[in-house]
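Worksheet for the structure shown next.
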Amino acid sequence: MCVFRFHLFPLRRFSLAFRLLICCNYGMASIFKRKRKVRLSNGKAVVRQSLKYYTRLRDANGVKRTIPLFIDKTASQQQAAQLQKEIELTSAELVDKYREHRQKPLSEHLAEFRQFLLDKGDTEDYTRLTHNRIERLLNGCKFMLVSEVSPSRIQRYLAERRQSGLSVKSCNYYLTAIKGFFNWMVDDKRLSENPIIHLKGLNAKVDIRHLRRSLEPDEIRRLLETTAVGPERFGMSGYERSLIYRFATETGLRAREIRTLTVGSFDFDKLCVTVKAGYSKHRREDTQPLRKDTSVLLKDFFLCGGKLPTVKAFGGRYNQLTKRTSDMIKADLADAGIPYIDEAGRYADFHALRHSFASILHESGVSPKIAQALLRHSTIGLTMDTYTHIGLYSERDAIEGLPDLSLPSGESQRASATGTDTSAGWTPKRTPLSPFVDNHTPTGMGRSGFEPPTHGFSVRCSTN
């Protein structure tokens, strides 16, 4: 492997076979010039050599490689010997085999990671969002190379972003994106290990910025009735928006999923709608059942509009549902006199219709497991804890179902039956501090309160 061996053994005096034997015995890499036949204009064939020298080596993984060197022979011999030495050290794990990737700018790795996400089927929106989060974090921490990555600097950057107003949930999204980036580098043999694998996200429940609520069935009816006769918004008539709200509330589909539906996604014979795997959140084809009355309205709407199976189902003049669905429903809620943000600070945006779907399933007595399947949640906890909202009247009915504690105990009833109860006929004195109450209900107050009970969507809304 040492260069001085060329001076001890003037190899050019010997045959080619002997020179190769000497190189192999002493571990030196051979160099050569590439040759190719060229036919001249007079028809004569001549052999021409390349200007540069080349060497053939087996890398640390055992793969044969032809590597270009220099025009100068001595420099080429030294470079070939150096390459051979590095390969042997790498095979013995004495050098960093990831050196090439460590010297490569992180921006180039990130561009290749973005292409990887697109190639594996992620949507353009998700890919752009993930790329922007990673890029913003790398620039904020001033990381140029992998060797500069510091977990403490990432934690400091996220802490500063939280102090400037970024929510804990958003910070966790940033951390998830950057960890996924470095995990990809490990899987793609660019790094030996993830330098920030030990970083953990914070508890997002302590800093909820956009808490949603579910709409009561009567509120949904008011929204549908008012919107159906409302003005055009975002290229859609009031009736089309009303139909979208009803469809979203009865299927639990997300706005992004509804945006991808075409007329061909609906099967009115089987009363179902299918979301393709590429547009579903968990990358799986989903089929949701439809109510009979709603499927009739949808079928009539598509027929009246003359829409072909390949045309987007909703969107009006824009031919696609707007991405500003929260602004759309906010305006329609205002027309219906329903607050977009209630007194508790909870929002009734478009995704709140999915929360309403979960809550109505619960109020209707649907099994939690069936509700989880309809909402397509990975865990039952997400269905019951996040999306299911218990109304005041449900809690009141539950309290009314408790046993009446003002009734006499079993022992007192037995004593009264045998005539040995000395306190028979005694009536507790009603005082402000007395725990006993009679069974009289105040006038005008029914068991369910002032508001009459509702029973799901059995009453069809007017479509005029």
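The values are calculated or read from the model by the stated rules, or taken from the named source; none is laboratory data. Just so it is clear, the structure is predicted and the values come from calculations on it, not from any experiment. Here the Cβ is made from the backbone with ideal geometry for all residues, glycine too, and neighbour counts use every protein chain on show.
With the structure loaded, tell me whether Asp119 is within 30 Å of Arg256 (Cβ to Cβ), loosely packed, with under 12 Cβ neighbours inside 10 Å, touching a helix residue (DSSP H, G or I) at 6+ places or on another chain (Cβ under 9 Å) and in the same structural domain as Leu199 (by TED's automatic domain parsing) or whether it fails that test.
Numbers: within 30 Å of Arg256 (Cβ to Cβ): yes; loosely packed, with under 12 Cβ neighbours inside 10 Å: yes; touching a helix residue (DSSP H, G or I) at 6+ places or on another chain (Cβ under 9 Å): no; in the same structural domain as Leu199 (by TED's automatic domain parsing): yes.
So Asp119 fails the test.
Rundown of residues vs (1) among the charged types (D, E, K, R); (2) at pLDDT below 90, yes/no style:
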residue	(1), (2)
Leu83	no, yes
Glu88	yes, yes
Ala111	no, no
Gly121	no, yes
Thr130	no, no
Met144	no, no
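Could you tell me which residue of segment 327-357 is farthest from the chain's Cα centre (by Cα), considering only residues that are over 16 Å from Phe247 (Cα atoms) and among the hydroxyl-bearing types (Ser, Thr, Tyr)?
Across segment 327-357, the extreme among qualifying residues is Tyr340.
Pick out the one residue from Asp342, Asp349, Asp300, Asp332 that is in contact with a Gly (Cβ under 7 Å, 6 or more places away or on another chain) and assigned by TED's automatic domain parsing to the domain that holds Leu253.
Just a single option satisfies the conditions, and that option is Asp332.
Conditions: (1) closer than 17 Å to Phe247 by Cα; (2) over 30 Å from the mean Cα position of the chain (by Cα). Leu290 meets all but one. Number of the miss?
Here Leu290 meets the rest and fails (2).
In a helix (DSSP H, G or I), small (Gly, Ala, Ser) and either surrounded by fewer than 20 Cβ atoms within 10 Å (Cβ to Cβ) or modelled with pLDDT under 85 (or both) - does that describe any residue in segment 372-381?
Initial filter on segment 372-381 (in a helix (DSSP H, G or I)): 372-375, 380-381.
Add one more test, that the residue is small (Gly, Ala, Ser), and what stays is 373, 381.
With the extra rule that they be either surrounded by fewer than 20 Cβ atoms within 10 Å (Cβ to Cβ) or modelled with pLDDT under 85 (or both), the set shrinks to 373, 381.
So far as segment 372-381 goes, yes, one or more of its residues are in a helix (DSSP H, G or I), small (Gly, Ala, Ser) and either surrounded by fewer than 20 Cβ atoms within 10 Å (Cβ to Cβ) or modelled with pLDDT under 85 (or both).
Mind checking which residues of segment 100-114 are loosely packed, with under 12 Cβ neighbours inside 10 Å and in a helix (DSSP H, G or I)? It would help to see each step written out before you state the result.
Initial filter on segment 100-114 (loosely packed, with under 12 Cβ neighbours inside 10 Å): 100, 103, 108.
Matches in segment 100-114: Glu100, Glu108.
Does segment 351-371 hold any residues that are farther than 29 Å from Lys330 by Cα, part of a helix (DSSP H, G or I) and not hydrophobic (A, V, I, L, M, F, W, C), and which are they?
Passing the criteria: Pro368, Lys369.
Of the residues in segment 289-330, how many are surrounded by fewer than 18 Cβ atoms within 10 Å (Cβ to Cβ) and more than 23 Å from Thr226 (Cα to Cα)?
9
For segment 277-304, give me each residue that is under 14 Å from Arg376 (Cα atoms) and outside any strand (DSSP E or B).
Passing the criteria: Ala277, Tyr279, Ser280, Lys281, His282, Arg283, Arg284, Glu285.
Give me the pairs, please: first residue somewhere in segment 255-280 and under 19 Å from Thr322 (Cβ atoms), second residue anywhere and surrounded by fewer than 19 Cβ atoms within 10 Å (Cβ to Cβ) and among the aliphatic types (A, V, I, L, M), beta-carbon distance under 7 Å, and either six or more positions apart or on two chains.
Thr262/Val311; Val263/Leu308; Val263/Val311
Does segment 322-344 contain at least one residue that is of a type outside the set (Asp, Glu), assigned to a strand (DSSP E or B), on the phi < 0 side of the Ramachandran plot and in contact with a Phe, Trp or Tyr (Cβ under 7 Å, 6 or more places away or on another chain)? Spell out how you get there, then give the answer.
Going residue by residue through segment 322-344, those that are of a type outside the set (Asp, Glu) are 322-326, 328-331, 333-334, 336-341, 344.
This time we only want the ones that are assigned to a strand (DSSP E or B), so: 341.
Of the ones still in play, those that are also on the phi < 0 side of the Ramachandran plot are 341.
Going one step further and asking which of them are in contact with a Phe, Trp or Tyr (Cβ under 7 Å, 6 or more places away or on another chain), we end up with 341.
There is at least one residue in segment 322-344 that is of a type outside the set (Asp, Glu), assigned to a strand (DSSP E or B), on the phi < 0 side of the Ramachandran plot and in contact with a Phe, Trp or Tyr (Cβ under 7 Å, 6 or more places away or on another chain).
Across segment 123-165, what is the number of residues that are surrounded by fewer than 17 Cβ atoms within 10 Å (Cβ to Cβ), out of contact with any Pro (no Cβ under 7 Å at 6 or more places or on another chain) and outside any helix (DSSP H, G or I)?
So the count comes out to 5.
Of everything in segment 167-195, what is of a type in the set (A, V, I, L, M) and surrounded by fewer than 17 Cβ atoms within 10 Å (Cβ to Cβ)? Give them in sequence order.
Val186
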